[in-house]
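I have placed the structure first, in the form of structure tokens, so that the comments after it can refer back to it.
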Amino acid sequence: MDNTNLTHLASQLVIAGFADKYINREVKELIHTYRVGGIILFSRNIGTPEEVLQLTTDLQKEARKAGYDYPLLICADQENGIVRRLGDGTTVFPGAMAQGATDHPRYAYDIGYATGKELLALGINWNLAPSIDVNNNSDNPVIGVRSFGESPEKVAEFGRASMKGMQDAGMITTIKHFPGHGDTNTDSHLGIPVIEHDMNRLEEVELKPFTACINQGADTVLTAHIHFPAIESENGLPATLSKSVITHLLREKMHFNSVVTTDCMEMEAISKTIGTEKGAVATIKAGSDFAMISHTFERQKGAIKEIMHAIDSGELTEETIRKASERIERLKKKYLNWDNIKLEYSGVPEFVGGLEHKELAAEVYRNSTTIVRNEQLLPLSDEEKVLVICSSSDVKGWAEDKDDEASNFGKAIRTYHATADIAQMHDLASTKEVNELFKRAKQYNVIIISLLEMSPENSQRLLVNKLSEHHIPVVVVASKNPYALQYFPGVSAYINTYEPNLSALKMAAGAIFGQEEVNGKLPITVPKL
């Protein structure tokens, strides 16, 4: 086999990311010299809808020049909610747990369909969603509200509906994070979580949504960097590198014969152990079709060289590469065609960020916002003397996008109470700062406080419980951690929004002041301390 063919054969197994909002030298090299399997976009690549469409159009133009048989796979993690790559000018759709809180799977389908339409309109043809992890661990640092809930049956039903909605829009979908990331208390961006459950429990909980979606025609599966001793006997080996997980369980036992991709191989669970480059070979040997290398050009080239060497030496067999190539080609043939790709910029359709999609999002937010407790406090009058305490936090999940969460809450309340006073509070405020806020709060009729991440150490817990002890009415709005109620046994009113964007918080504010009738149902169980 000549070196050029070997390079292309190896490169098709890599999905690569890059840093800019335009095609840089590295991307051109990845497409023309290597012919990588696809490109992944993150928020760093996303500008206005017009800029995104120009970028994806330019990417396809380069792929056409490079001689790709099918249009380039261009993917993103558009889960909605707290993991949302598209920016201003597109619709802010509710994420998974907000959808689950509606208790109506049709919303998962509708949001999936609308999300697929907007992505495709901007030239993104593969969504790395939905996340069908069953979040049954209240301490999970990376999934949480990215899950539809704690019930395997509910996650299966909503996940299947979300997937079908996107597929019906023409979008390639991904179910993740196989075999399940919901019962972990470690972030796989930072280490290798271990899930100790036996096979019976895994089949009853973690695997149930995957089985349901596979039976309904899942397009791709994304693997998790998690060790499952019940499936993989080698100590510490994550699912992404495990033939027992990918080939024996997923392909042979669960009969999944489409494309398997990895989570990012630069996450520390891989990069700090086997290494990104050698990990790429190991995951292909285990049965994956794509190694996702999202950030570093040198690691992307290094992984391609490692795969080339493994093919040349026979470590990766001809049969392994042939099967992967066939699965990738079947996926592309089903969804991609050069006749349907515009290689000149043609303008963004009006439905992207348009009224119909905004109305759908608002309807779902209205039916997801959950008043968990109300001891005859709500609704408030806009004539009440109100102090709003906006929480800020340095804690962000690695997968999450940045947003001015504290500012959003103040804006949301001011929509309904123009004269409400606003204060800021960090989740690790000092005792002195807590006491000063408490002294100030005693001058008001009602305190409204936002919560982001929550733990026993958070200063908000000390302040709210101190206010409750002095019989000062408090409304707590939890925007990211629906389990936080456990820390506030004496609070007068408690609301979950499941995400901290302005649209979700405005719906909660409307409910607080009696301007919105919200109907959400808690999709998880709040543990008792």
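The values are calculated or read from the model by the stated rules, or taken from the named source; none is laboratory data. A quick note: this is a predicted structure, and the numbers were derived from the prediction, not measured. Here the Cβ is made from the backbone with ideal geometry for all residues, glycine too, and neighbour counts use every protein chain on show.
Values as computed for the structure displayed
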read-out: Region 331-352: number of residues that are part of a helix (DSSP H, G or I) and either surrounded by 14 or more Cβ atoms within 10 Å (Cβ to Cβ) or more than 30 Å from the chain's Cα centre (by Cα) (or both); value: 4
read-out: Residue match in region 33-42 (condition: under 17 Å from Ala303 (Cα atoms), out of contact with any Phe, Trp or Tyr (no Cβ under 6 Å at 6 or more places or on another chain) and surrounded by fewer than 17 Cβ atoms within 10 Å (Cβ to Cβ)); value: yes
read-out: Subset of region 275-290 (residues that are in contact (Cβ under 8 Å) with a residue 40 or more places away in the chain, over 11 Å from Ile321 (Cα atoms) and small (Gly, Ala, Ser)); value: Ala280, Ala282, Ala286
read-out: From the options Ile82, Ile74, residue that is in contact with a Phe, Trp or Tyr (Cβ under 7 Å, 6 or more places away or on another chain), aliphatic (A, V, I, L, M) and within 25 Å of Ser131 (Cβ to Cβ); value: Ile74
read-out: Residue in region 479-498 that is surrounded by the fewest Cβ atoms within 10 Å (Cβ to Cβ), counting only those that are within 21 Å of Val142 (Cβ to Cβ) and at pLDDT 95 or above; value: Tyr498
read-out: Candidate set from region 83-122 (those that are surrounded by fewer than 23 Cβ atoms within 10 Å (Cβ to Cβ) and hydroxyl-bearing (Ser, Thr, Tyr)); member that is nearest to Asn496 (Cα to Cα); value: Tyr109
read-out: Residue in region 46-67 that is within 18 Å of Ile328 (Cβ to Cβ), outside any loop (DSSP other than H, G, I, E, B), under 25 Å from the mean Cα position of the chain (by Cα) and in contact (Cβ under 8 Å) with a residue 12 or more places away in the chain present; value: yes
read-out: Qualifying positions in region 1-28 - within 20 Å of Cys264 (Cβ to Cβ), free of Cβ contacts under 8 Å to residues at least 40 places away in the same chain and in a helix (DSSP H, G or I); value: Val27
read-out: Scan of region 373-397 for residues that are more than 23 Å from the chain's Cα centre (by Cα) and surrounded by 18 or more Cβ atoms within 10 Å (Cβ to Cβ), ordered by number; value: Leu378, Leu380, Val386, Leu387, Val388, Ile389, Cys390
read-out: Index of the failed condition, Asn257 passing every other in (1) under 20 Å from His8 (Cα atoms); (2) more than 23 Å from the chain's Cα centre (by Cα); (3) not hydrophobic (A, V, I, L, M, F, W, C); value: (1)
read-out: Any hit, region 36-44, residues being assigned to a loop (DSSP other than H, G, I, E, B), of a type outside the set (A, V, I, L, M) and closer than 25 Å to Asn337 by Cα; value: yes
